[in-house]
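Below: the structure, in structure tokens.
The values are calculated or read from the model by the stated rules, or taken from the named source; none is laboratory data. Keep in mind that this is a model prediction, so the values were computed, not measured. Note that each Cβ is placed from the backbone with ideal geometry, even for glycine, and that neighbours are counted across all protein chains shown. What goes into the accessible areas is simple: the full protein's heavy atoms, side chains included, and nothing from ligands, DNA or RNA. Shrake-Rupley method; radii C 1.70, N 1.55, O 1.52, S 1.80 Å.
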Amino acid sequence: MAAEITSVYKEQIPSARLIGKRYTDEHRNAAGSFADQWEEWFANGWFEKIGQLGCLPESEGASYGLMRMNGIQFEYWIGMLFPKHIEAPEGFDHADLEEGAAGICWLYGKDNGELFGMEPHKRCMAKIAEQGWSLGENPWFFERYHPVRFMMPDEQGNVILDYGVYLK
């Protein structure tokens with residue numbers, strides 16, 4: 001079953017510093033995903049470690065997977081958002097994000113792969129286009145793993161993944 005899009009809205013994202021780790025296509029597993037890196041983050045307690053730095057209040061303690069093209073190189077970052085003055089601890093990198101509007105889709109379904117990949121991405125981008133919103137130039141796309149919507153499945157075992165993109 002495909003994930004259902006239950007909400008589409010525009011959100012103002014404040015300027016922030018993403019603190020985490022940067023991955024590229026060479027880090028993908030045999031299935032083409034970054035699931036191995038997420039498992040490494042949980043196994044090593046990296047979200048708890050960086051979370052102690054004081055997350056950006058507007059992010060509500062969510063973890064993120066942010067992606068973009070940097071020249072011809074695909075980047076996939078795993079991390080959390082912080083105020084811009086927070087320094088990345090040793091072993092972590094950072095990327096500064098400018099304030100901007102983002103189009104957000106809530107993908108509702110099972111955390112079994114149906115929320116990820118090109119099919120839900122294309123469906124979200126179509127819903128955002130239906131709203132008349134345009135993507136920014138070389139925008140950041142992101143998966144936001146909200147501590148309640150994503151980390152606490154409902155009675156059917158479904159979660160909500162916030163999938164977003166920066167807009168013009």
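How large, in percent, is the carbon and sulfur part of the accessible surface of the chain at a probe radius of 1.4 Å?
Roughly 52 percent of what the probe reaches on the chain is carbon or sulfur.
Largest first and to the nearest Å, give the Cα extent of segment 29-168 along each principal axis.
Principal extents (largest minus smallest coordinate, Cα): 42, 38, 33 Å.
Residues of segment 100-120 with the amide nitrogen closer than 15 Å to a label point 7 Å from the Cα of Thr6, along Cα-to-Cβ, please.
Counting only backbone N, you get 105-112, 115.
Residues in segment 138-168, backbone N under 20 Å from the label point at Asp96 (7 Å along the Cα-to-beta-carbon vector): list them, ranges by number please.
Those under the cut-off are 138-141, 166-167.
Which Rg and Dmax, in Å, describe the Cα atoms of segment 87-168?
Expressed in Å, the Cα Rg and Dmax of segment 87-168 come to 14.6, 43.
Using a cut-off of 15 Å between beta-carbons, work out the net charge of the residues near Gly132 (Lys and Arg +1, Asp and Glu -1, Gly132 not included). Could the numbers behind the result be given before it?
Details: positive: Lys10, Lys127, Lys168; negative: Glu130.
Charge balance in the 15 Å sphere: +2.
Within segment 101-142, which residues have the backbone N less than 18 Å from the label spot 7 Å out from Asp154 along Cα→beta-carbon, could you tell me?
105-116
For Asp162, Asp111, what's the largest-to-smallest order of accessible area, 1.4 Å probe? Working shown, then result.
Numbers: Asp162 0, Asp111 90 Å².
Putting Asp162, Asp111 in descending order of accessible area: Asp111, Asp162.
Are there cysteines in the chain with no second cysteine's Cβ under 4.7 Å away, and if so, which?
If one checks each Cβ against the other cysteines of the chain, Cys55 turn up with nothing under 4.7 Å.
What's the ranking of 91-101, 133-143 by average number of surrounding C-beta atoms within 10 Å, highest first? It would help to have the intermediate numbers written out before the result.
Values: 91-101: 14.4, 133-143: 16.5.
Descending mean neighbour count gives 133-143, 91-101.
At a probe radius of 1.4 Å, what is the per-residue accessible area of Lys84, in Å² to the nearest 10?
70
Ordered by residue, what ³J(HN,Hα) values in Hz, to whole numbers, does segment 120-125 give under the Karplus form 6.51 cos²θ - 1.76 cosθ + 1.60, where θ = phi - 60° and Gly and Pro are x?
Computed from phi, the couplings for segment 120-125 are x, 4, 4, 5, 5, 5 Hz.
Rank these residues by their accessible area, most exposed first, probe 1.4 Å: Phe82, Phe116, Phe74.
On the way: Phe82 0, Phe116 65, Phe74 35 Å².
Reading off the accessible areas and sorting them downward yields Phe116, Phe74, Phe82.
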